């Protein structure tokens, strides 16, 4: 009798033990959608409305078109060059709470946003290498009281390691590399949960000599980053169930830029270094006549761009992670995002002013696109080893604003 009771008790106890050791529930099947609508780049890129694929100059253009890595400055007179940039966007001048970050028509409960961008570029002759990093962080309220010390933070991190080569008379520049899309969800009391994966990129810039225009193409394939589960982690953070992956949609960008004004035909001139190196080579016995003109290559620069964004399967917005309602599917259809920008040499050699605009499509079904007005300036600071400059920008739209500054080289 005692044996039978012992066995019965054991059978009843085992399920309880199994429940304690049971593997936690799986992640939700949906994928979080990384919306690139308002994440554009450095202060110069933002000021021009993001229309930079057809310009592709300097380290500031690295994120827009990898061909910028081998695009030599027209005044370069040595075999090598270096470029750095550091931008801080979403300055405290703009209140974070009340912004509509995902363009769903509603203000997000996000009292904290931050976007930091950095990059470095190294050139040797007609080759270029570079690395860039962009971190966009949003802090959402965890409770209705919205304690600043109790925020759910979502960090979207994008990095790129790439190279480029200029062909012919520097008329064709090819850029290629590896970039990663990562997401980090964190809570002060529980640590961080990470997603991420990598993809390949291929960009092209065509800059014909003696012509006042350029054409650019940028290709970014879709990247799906699965949850990188660490030992001891469960698919829950602050009581919320994690999603299976993050998805960054494929993007095809086509851009054109055009110089206007006196000297515009010098827009794509060869640098002194490129001309010397080509004369030293065996394949360039004839070169275009040397440009004896001095001064600006046109005081006006116009730029236009179209981004074609692919659809994404089974995707929901990043804000869904903190929302208390059932998530809404996004990215079910492809989108078009037009951009335009204009730059003016207001004080030659000292000050450039910029104005731009773009239309941000909404990944939510039946939501209207949102127009943005952008602008800014670039101010020469001083010469120490290189010519240094301060760049500022703004981006204003319905339920959204952004201010930024960056420090880099004057070109």
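The values are calculated or read from the model by the stated rules, or taken from the named source; none is laboratory data. Computed from a prediction, not measured in an experiment: that's the story for all the values here. Because the Cβ atoms are built from the backbone with ideal geometry, glycine has one as well, and the counts that use them run over all protein chains shown.
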Verdict on residue 61 being at pLDDT 85 or above, surrounded by 24 or more Cβ atoms within 10 Å (Cβ to Cβ), in contact with a helix residue (DSSP H, G or I) (Cβ under 7 Å, 6 or more places away or on another chain) and over 17 Å from residue 220 (Cβ atoms): no
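To keep it simple, each residue is scored yes or no on (1) modelled with pLDDT under 90; (2) over 28 Å from the mean Cα position of the chain (by Cα); (3) over 30 Å from residue 336 (Cα atoms).
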residue	(1), (2), (3)
239	yes, yes, yes
252	no, no, no
264	no, yes, yes
288	yes, yes, yes
Subset of the stretch 65-88 that is in contact with a helix residue (DSSP H, G or I) (Cβ under 6 Å, 6 or more places away or on another chain) and crowded, with 24+ Cβ neighbours inside 10 Å - its residue that is farthest from residue 177 (Cα to Cα): 87
Residue count for the stretch 219-265, restricted to those that are over 27 Å from residue 202 (Cα atoms) and not in a loop (DSSP other than H, G, I, E, B): 9
Residue in the stretch 189-218 that is modelled with the lowest pLDDT, counting only those that are more than 20 Å from residue 155 (Cα to Cα), out of contact with any helix residue (DSSP H, G or I) (no Cβ under 8 Å at 6 or more places or on another chain) and not in a strand (DSSP E or B): 209
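Of all residues in the stretch 126-154, which are under 21 Å from residue 60 (Cβ atoms) and either in a loop (DSSP other than H, G, I, E, B) or touching a residue at least 24 places away in the same chain (Cβ under 8 Å) (or both)? Full working, then the answer.
The first filter runs over the stretch 126-154 and keeps only residues under 21 Å from residue 60 (Cβ atoms), leaving 126-136.
Within the stretch 126-154, 126, 127, 128, 129, 130, 131, 132, 133, 134, 136 qualify.
From the list 25, 67, 4, pick out the single residue that is at negative phi, outside any loop (DSSP other than H, G, I, E, B) and modelled with pLDDT under 90. Don't jump to the end; show me each part of the working.
Working: 25 fails: outside any loop (DSSP other than H, G, I, E, B); 67 fails: modelled with pLDDT under 90.
None of the others qualify; the one that does is 4.
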Failed item, numbered, when residue 344 is tested on (1) in contact (Cβ under 8 Å) with a residue 60 or more places away in the chain; (2) in a strand (DSSP E or B): (1)
In the stretch 156-188, residue farthest from the chain's Cα centre (by Cα) [restricted to those that are touching a residue at least 40 places away in the same chain (Cβ under 8 Å) and assigned to a loop (DSSP other than H, G, I, E, B)]: 169
